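The values are calculated or read from the model by the stated rules, or taken from the named source; none is laboratory data. Since the model is a prediction, treat every value here as computed from it, not as a measurement. Virtual Cβ from ideal backbone geometry, glycine too; neighbours counted across all protein chains shown. Surface accessibility is based on the protein's heavy atoms, side chains included, excluding ligands, DNA and RNA. Shrake-Rupley method; radii C 1.70, N 1.55, O 1.52, S 1.80 Å.
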Amino acid sequence: MASSDSAKDATPKKSRFARKPKDPSNPGRGSQLKQVFQTTKQHDPAIVWWLALAFLVVFGVFLLIGLAVGHPVYLGIIGVLFGLVAAMFVLGRRAEKAAYSSIAGQPGATGAALGSLRRGWLVEQEPVAAEAGRARNVKDMSSAAMVFRAVGKPGVVLVGEGPKGSAAKLLESERKRVARVAGPEVPVHTLRVGQGEGTVAVSDLTKSMRKLPDKLTKDEVGAVTKRLRALGSAKPPVPQGIDPRKARMDRKSLRGK
């Protein structure tokens with residue numbers, strides 16, 4: 001009996017204040033910011049100077065105000081805090097730009113960009129129409145055209161990507177199909193992602209969509225989406241091994257936003 005009691009006493013008791021072991025799948029805020037910074041720096045080497053400029057400008061303004069009113073130390077401390085906030089804001093913006101740059105030109109980049117739309121939009125994760133063109137495998141997607149669809153208060157937005165001729169033809173075909181099902185009261189907008197006249201850069205896609213005037217209510221958005229999903233899609237077969245959803249933005253790069 002005594003031996004069992006001594007064994008219990010020998011067992012170290014866990015302190016209620018002991019730190020919990022870190023979960024490797026859930027890095028801390030510092031690790032996240034470090035990863036965002038490193039990812040952004042790969043596409044934007046000038047990020048260090050942008051962060052320093054943002055901090056110094058805000059800090060300098062507060063310091064000058066402090067010198068003018070006779071409290072440089074107090075306002076200088078406040079300036080440091082607001083300078084860090086300004087630097088984090090700039091990091092978020094530059095990280096977002098770097099994330100878009102990393103997927104620009106990749107097959108399915110439009111779908112990845114549409115995935116960043118906020119509440120109020122219902123986005124189809126897969127292209128609603130696709131034309132493989134001369135592509136025969138995943139390494140030859142430059143001639144493939146795809147159309148993605150999103151429904152929001154501005155109406156239905158169809159976004160095409162790929163070669164100009166194929167994408168424009170596919171967009172027009174899909175616009176007619178959607179217009180027949182959605183009805184004349186539902187606006188159907190078409191955009192084409194790319195570089196040059198008549199196109200929208202992938203980094204400006206969601207911004208351009210948000211500028212469209214609202215025409216539908218929240219309930220109407222849901223009803224139109226159900227109607228279109230019942231329509232199905234007109235997707236010719238895409239070569240085996242090609243997954244248009246592979247292009248994805250680094251979500252961690254947007255956390256500093």
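Could you please tell me which pairs satisfy a Cβ distance under 9 Å, a separation of 6+ or placement on different chains, a first residue in region 205-216 that is in contact (Cβ under 8 Å) with a residue 60 or more places away in the chain and assigned by the TED database to the domain that holds residue 151, and a second residue that is of a type in the set (S, T, N, Q) and crowded, with 19+ Cβ neighbours inside 10 Å?
Here the result reads 205/110, each pair linking region 205-216 to a residue that is of a type in the set (S, T, N, Q) and crowded, with 19+ Cβ neighbours inside 10 Å.
Against the conditions (1) among the β-branched types (Val, Ile, Thr); (2) over 29 Å from residue 205 (Cα atoms); (3) modelled with pLDDT under 90, where does residue 80 fall short? Just the number, please.
Every condition holds for residue 80 apart from (3).
Can you tell which of 179, 223, 167 is part of a helix (DSSP H, G or I) and open to solvent by less than 10 Å² (accessible area, probe 1.4 Å)? Show your work before the answer.
Numbers: 179 fails: open to solvent by less than 10 Å² (accessible area, probe 1.4 Å); 223 fails: open to solvent by less than 10 Å² (accessible area, probe 1.4 Å).
Answer to the selection: 167.
When you check residue 229 against the structure, is it surrounded by fewer than 17 Cβ atoms within 10 Å (Cβ to Cβ), more than 17 Å from the chain's Cα centre (by Cα) and modelled with pLDDT under 90, yes or no?
Details: surrounded by fewer than 17 Cβ atoms within 10 Å (Cβ to Cβ): yes; more than 17 Å from the chain's Cα centre (by Cα): yes; modelled with pLDDT under 90: yes.
Here the answer is yes, as residue 229 does meet what is asked.
Hey, any hits in region 43-61 for a residue that's surrounded by 15 or more Cβ atoms within 10 Å (Cβ to Cβ), at pLDDT 75 or above, of a type in the set (D, E, K, R) and not in a loop (DSSP other than H, G, I, E, B)?
no
For residue 23, are the conditions met, namely being modelled with pLDDT under 90 and open to solvent by 70 Å² or more (accessible area, probe 1.4 Å)? Reasoning before the result, please.
On the way: modelled with pLDDT under 90: yes; open to solvent by 70 Å² or more (accessible area, probe 1.4 Å): yes.
Yes: the conditions hold for residue 23.
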